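Asks: Encoded as structure tokens, here's the structure I'll be asking about.
Please treat every number below as a calculation from the coordinates, not as lab data. All figures in this text were calculated on a predicted structure; none of them were measured in a lab. Ideal geometry is used to build each Cβ from the backbone, glycine not excepted, and the neighbour counts take in all protein chains shown.
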Amino acid sequence: MAKQKFGARKHTKKKLDVLDDYLGFFPVALKTKGYRLIYIDAFAGTGEVLLVESDEPLLPGIAPEQEKIDGSAVRALRATIPFDEYVFIEKSQSKLDKLAQELERQFPDRIDRCKFICDDANAAIKDICKTTNWTNYRAVVFLDPFGNQISWDTLEAIAQTRAADLWYLFPAGLGVYRQIPKKGKTQSKAAQSVTRMLGSNEWMFLFTEQTSTENLFGETEVNTQRAVSVEAITTHAISRLRTIFRGGVLDQYVSLGGKAVPWYSLLFACSNPNDAAKTLAHRVAGWIVDHA
Ligand SMILES: C[S@@+](CC[C@H](N)C(=O)[O-])C[C@H]1O[C@@H](n2cnc3c(N)ncnc32)[C@H](O)[C@@H]1O
């Protein structure tokens, strides 16, 4: 059976097309406003993504159809109107080296605008958010994790900039729904990762229910079972984000991956409370999501 490439199927293209569209809009809308514009890609990868078309197990000896497409970093650099600065964060040094080489080869005249950070996304973003003078900057942050890597305090740091728009690949299906067994308690490591990601453990009460049954000996047994859909998990994440993003969070999102259950929900949040800024950001992001 062919091994599936995790996170590298058709949904990847849709996700990147959404990002592409927003990165095309953002510098155009802000170019006359006098801010320095910064794009922050916290799970940068190598600049290239391998798409495996087949969702199905393949017969031995039959290779899945494959296609290579440009990843988020290359798409960010190739936008017609550039950002002033690009920050690429990647925890794998070898991937980051490959990315830096690729960007230098493809965009020699823009490479001076790029900064490459080999670190954990949470640590690097919190540091950037703390050390940047946000009165002079406006940003787009792209969070593209495989799973539950983003912790709530990282989202708080982005929200507190009041200058950054966020696209977040929230792992509603893979990272939350599938971690809660149909029957039985969520394993403690998985539960901790969900709580860290959502910034609260209220999901335990909202996403599960307890039923009581009587066993053969007349004793009452309490069972925990999953009582939530991926859609409800996403709605909960949106309402959690609304508690910190002063420019609001889009109701619409893009469901991505998975046949039976979507794996991810691509969310948009705006940290800027300014009326004109948030209205424009929501209008454009909403249009892009509706047409994805
Ligand atoms: C889904 S891929 C990103 C793909 C990329 N955005 C693109 O479009 O080409 C996730 C990447 O994040 C990196 N990664 C995983 N955990 C990380 C972490 N905690 N901090 C930073 N990077 C991480 C992985 O090495 C991998 O390259």
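Asks: Checking the cross-link filter: which lysines have an alpha carbon closer than 18 Å to that of Lys278, excluding same-chain neighbours under 8 positions apart?
Replies: Of all the lysines, those that pass the test against Lys278 - Cα under 18 Å, at least 8 places apart if same chain - are Lys31, Lys33.
Asks: To the nearest 20 debye, what is the magnitude of the charge dipole of the chain about its Cα centre, counting +1 on the Cβ of each Lys and Arg and -1 on the Cβ of each Asp and Glu?
Replies: Computed charge dipole of the chain: roughly 300 debye.
Asks: Can you give me the pair-distance distribution of segment 73-231, C-alpha pairs, 10 Å bins, whole percents?
Replies: 9, 30, 27, 17, 10, 5, 2, 0
Asks: Right, next: Can you find, among Ser229, Leu166, Ala276, the residue farthest towards the positive end of the dipole of segment 140-292? Put +1 on the C-beta of Lys and Arg, -1 on that of Asp and Glu.
Replies: The residue sitting farthest along the positive end of the dipole is Leu166.
Asks: Students often forget the sequence filter, so: which aspartates and glutamates lie under 12 Å Cα-Cα from Lys126 once same-chain residues fewer than 8 apart are removed?
Replies: By straight Cα distance, Lys126 reaches Asp153, Glu156.
Asks: Output the pairs from Lys10/Lys259; Lys14/Lys189; Lys95/Lys130; Lys13/Lys91 with a Cα-Cα distance over 19 Å in this structure; if there are none, say none.
Replies: Lys14/Lys189; Lys95/Lys130; Lys13/Lys91
Asks: Can you give the local net charge around Trp152? Use residues other than it whose beta-carbon is closer than 13 angstrom to its beta-carbon, Lys and Arg +1, Asp and Glu -1.
Replies: Net charge around Trp152: 0.
Asks: What is the sum of charges, Lys and Arg at +1 and Asp and Glu at -1, for the other residues whose Cβ falls under 12 Å from the Cβ of His236?
Replies: That sum, taken over residues with Cβ under 12 Å, equals 0.
Asks: Which angle between 0 and 90 degrees, to the nearest 10, do you get for helix 10-30 versus the longest principal axis of the chain when only C-alpha atoms count?
Replies: Compared with the principal axis, the helix lies near 40 degrees.
Asks: Right, here's the next one. By what distance, in whole Å, do the Cα atoms of the chain stretch along each of the three principal axes, largest value first?
Replies: That works out to 76, 54, 35 Å along the principal axes.
Asks: Here is a further query. Which residue, chosen from Ser188, Gly248, Met204, occupies the Cα position most advanced towards the positive end of the dipole of the chain, where the dipole is computed from +1 (Lys, Arg) and -1 (Asp, Glu) charges on Cβ about the Cα centre?
Replies: Gly248
Asks: Okay, next question. Would you work out the relative contact order for segment 120-165, in percent, from Cα pairs under 8 angstrom that are 6 or more residues apart?
Replies: 59
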